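Below is one structure, written out as structure tokens, with a few remarks after it.
The values are calculated or read from the model by the stated rules, or taken from the named source; none is laboratory data. The model shown is predicted, which means the values in this text are computed figures rather than measured ones. Here the Cβ is made from the backbone with ideal geometry for all residues, glycine too, and neighbour counts use every protein chain on show. Note: accessible area is taken over every heavy atom of the protein model, side chains too, but ligands, DNA and RNA are not part of it. Shrake-Rupley method; radii C 1.70, N 1.55, O 1.52, S 1.80 Å.
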Amino acid sequence: MLFDIDSNSQDVEDHDFLGEFECTLAQLVSARTLHKPLVNKAYTGDNGSILIVTEELSSCKEELDIQFVGKGLENRSWFSSINPFLEFLKSNEDGTFTLVHRTERARSTQNPVWNCFTVPLRSFCSGDYDRNIQVNCKDYKSNGTHKLIGVFHTTVRKLNEGAGPSNTYWLISDERKKKVGNKYKNSGEVMVNRAQVRQVFSFIDYIKGGMEINAFIAIDFTASNGNPQTPQSLHFNNPSAPNQYARAIQAVGEIIEDYDTDKYFPVLGFGARMPPNFDQVSHEFFVNGDSSNPYCYRVQGVLEAYYGCVSRVQLYGPTNFAPIINHVARFANSNQAGDKYFILLILTDGIITDMPQTKEAIVNASSLPLSIIIVGIGAAEFDSMEELDGDVVRLSSNGRYAARDIVQFVPFRDFLKGGGDPHMARLKLAREVLAEVPGQVLSYMKTNNIIPQPPKATNVSLPEVLG
């Protein structure tokens, strides 16, 4: 499917559908080059076509981090300035070129400094350091008729030499050369400002190297969930039909359990009055009631502790997230070497009452080895959770922005609709819940220049989460 992207929205329905084309992988491999019309049933006219060029990529695990600057780019317009950008095209086996990267446009300048960018060598040059790379420098036009300023050719091997005379390139325009003749020298210069090829590691590389993942589970025991004695409550205990919290613990817990190193979960609760006097609200208590050993073994242990806690505490409020986040962040703060990573799973029914403090806690934790997954229970509106998710607008607090996105929000009700195949619903839930965790782990490791240890056998040990 091909869409015209009009905004930063992750929902394809917010963008214009241009058309689609369907084929098998075998067709792509056998054809090598496939040129087919796009189909759009809502529009019977010409929808354009799609050209697909296939090539087997190497298992190269390297990326190129590079920045370019320009000097004296030629402006052939008498009435406007130029907005130059660069296009990078790798050569194919048949002599054609494929676009593999495009920079942003520099505004109104003949001496641009383009932003540094990072590209995987698998796609940039098919892992071949000596493959010909054609670079086009163009003047951006809003109607799409970008004007070519000039062209140069290079290789990744040469680019990796970094700044210097060997990476200073003349932009050559064949059109200008024909028109000007022997007087033509070039249409400006483009230079490498800095370049580095570095190894790229996968999430699996860190797991194989012995990185432990420790998962915490936090459960909302606020009064907004309803009286547990009534069937309308999200905490109602009906043995024949588990409530939504129990179903979410079962479904999401089984997913997290696969990631957790030792299968022991510290389970925290918040928003309840505690026995025996019920005169004080706690926003950070152990669900199994044992402060000396808050661990629950596997999902079944979590469920048993949850049911016991519902019958023992008094639901109250308000809904404060910050104490729980700060609690887990303390352990993450003490384990920043890359040998441990933490996941906090929060199950909640609604509106956060300490939003400023929660945002501050997340921003503070965003530089730590921590990911937060929030699962919304029930039918409430979860607009504040979407804000914390930070996929569209980067989360900030008191003028400080999150170092990285560490929050993923998932409304559990989306997986209860329609009564479809339970197995497929679980797979979809697994994908949504853990979609961002591997990338968040890698972003932490990359930011802190932590490389994985050599593969070794996993030593299972009880994580020290007390303190």
Quiz item: Quick check, is Gly45 farther than 30 Å from Asp128 by Cβ, of a type outside the set (Ser, Thr, Tyr) and either surrounded by 11 or more Cβ atoms within 10 Å (Cβ to Cβ) or out of contact with any Gly (no Cβ under 7 Å at 6 or more places or on another chain) (or both)?
Solution: yes
Quiz prompt | region 233-254, residues that are outside any loop (DSSP other than H, G, I, E, B) and loosely packed, with under 15 Cβ neighbours inside 10 Å | solution = Glu254
Quiz prompt | Condition broken by Gly269, with the remaining ones in (1) over 25 Å from Phe382 (Cα atoms); (2) outside any helix (DSSP H, G or I); (3) in contact (Cβ under 8 Å) with a residue 40 or more places away in the chain satisfied | solution = (1)
Quiz item: When only residues in region 145-164 that are in contact (Cβ under 8 Å) with a residue 24 or more places away in the chain and of a type in the set (A, V, I, L, M, F, W, C) count, which is surrounded by the most Cβ atoms within 10 Å (Cβ to Cβ)?
Solution: Ile149
Exercise. Could you check region 342-452 for helices (runs of 4 or more DSSP H) lying wholly inside it with 1 or more residues that are within 23 Å of Val299 (Cβ to Cβ) and open to solvent by 10 Å² or more (accessible area, probe 1.4 Å)?
Key: 422-434, 437-447
Quiz prompt | Filter result for Ser142 (among the hydroxyl-bearing types (Ser, Thr, Tyr) and surrounded by fewer than 19 Cβ atoms within 10 Å (Cβ to Cβ)) | solution = yes
Quiz item: All but one of (1) exposed (fewer than 12 other Cβ atoms within 10 Å of the Cβ); (2) at pLDDT 95 or above hold for Leu73; which doesn't?
Solution: (1)
Practice problem: Pairs only if they're at least six apart or on different chains, beta carbon under 9 angstrom, first in region 60-84 and touching a residue at least 60 places away in the same chain (Cβ under 8 Å), second small (Gly, Ala, Ser) and part of a strand (DSSP E or B); list them, first residue then second. | Solution: Leu64/Ala195; Asp65/Ala195; Ile66/Ala195; Gln67/Ala195; Leu73/Gly150; Glu74/Gly150; Pro84/Gly70
Quiz prompt | Hits in region 274-314 (condition: within 14 Å of Asp220 (Cβ to Cβ) and open to solvent by less than 70 Å² (accessible area, probe 1.4 Å)) | solution = Val281, Ser282, His283, Phe285, Val287, Tyr306, Cys309, Val310, Val313
Practice problem: Filter region 196-232 down to the residues that are open to solvent by less than 10 Å² (accessible area, probe 1.4 Å) and among the polar types (S, T, N, Q), then identify the one that is nearest to Val156 (Cα to Cα). | Solution: Asn214
Quiz item: Among Ile217, Ile256, Ile207, which is more than 30 Å from Leu86 (Cα to Cα), β-branched (Val, Ile, Thr) and in contact with a helix residue (DSSP H, G or I) (Cβ under 7 Å, 6 or more places away or on another chain)?
Solution: Ile217
Exercise. Mind telling me which of the residues Gly253, Gly308 ends up being of a type outside the set (Phe, Trp, Tyr) and over 34 Å from the mean Cα position of the chain (by Cα)?
Key: Gly308
Quiz item: Any idea which residue in region 263-273 is surrounded by the most Cβ atoms within 10 Å (Cβ to Cβ), counting only those that are touching a Leu at 6+ places or on another chain (Cβ under 9 Å) and of a type outside the set (A, V, I, L, M, F, W, C)?
Solution: Gly271
Quiz item: Out of (1) surrounded by 13 or more Cβ atoms within 10 Å (Cβ to Cβ); (2) assigned to a loop (DSSP other than H, G, I, E, B), the odd one out for Val119 is which?
Solution: (2)
Exercise. Only helices (runs of 4 or more DSSP H) wholly contained in region 155-226 count here; list those with 2 or more residues that are among the β-branched types (Val, Ile, Thr).
Key: 203-208
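Results for (1) of a type in the set (Ser, Thr, Tyr); (2) more than 19 Å from Lys446 (Cβ to Cβ); (3) touching a strand residue (DSSP E or B) at 6+ places or on another chain (Cβ under 9 Å), shown as yes or no for each residue.
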site	(1), (2), (3)
Asp339	no, no, yes
Leu344	no, yes, yes
Asp354	no, yes, no
Asn364	no, yes, yes
Gly376	no, yes, yes
Leu388	no, yes, yes
Practice problem: Filter region 92-139 for residues that are in contact with a strand residue (DSSP E or B) (Cβ under 9 Å, 6 or more places away or on another chain) and of a type in the set (Ser, Thr, Tyr) and give the result. | Solution: Thr96, Thr98, Thr103, Thr109, Thr118, Ser123, Ser126, Tyr129
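Keeping to region 306-335, report how many residues are in contact (Cβ under 8 Å) with a residue 40 or more places away in the chain and more than 21 Å from Tyr264 (Cα to Cα).
Selection size over region 306-335: 11.
Conditions tested, residue by residue: (1) more than 31 Å from the chain's Cα centre (by Cα); (2) closer than 22 Å to Arg194 by Cα; (3) assigned to a loop (DSSP other than H, G, I, E, B); (4) not polar (S, T, N, Q).
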{"position": "Gln67", "(1), (2), (3), (4)": "no, yes, no, no"}
{"position": "Leu73", "(1), (2), (3), (4)": "yes, yes, yes, yes"}
{"position": "Lys90", "(1), (2), (3), (4)": "no, yes, no, yes"}
{"position": "Thr98", "(1), (2), (3), (4)": "no, no, no, no"}
{"position": "Asn111", "(1), (2), (3), (4)": "yes, yes, yes, no"}
{"position": "Asp128", "(1), (2), (3), (4)": "no, yes, yes, yes"}
{"position": "Cys137", "(1), (2), (3), (4)": "no, yes, no, yes"}
{"position": "Ile149", "(1), (2), (3), (4)": "yes, no, no, yes"}
Quiz item: Which residue pairs have Cβ atoms closer than 8 Å, lie 6 or more positions apart in sequence or on different chains, and pair a first residue in region 212-241 that is free of Cβ contacts under 8 Å to residues at least 24 places away in the same chain with a second residue that is surrounded by 24 or more Cβ atoms within 10 Å (Cβ to Cβ) and outside any loop (DSSP other than H, G, I, E, B)?
Solution: Ser233/Asn225
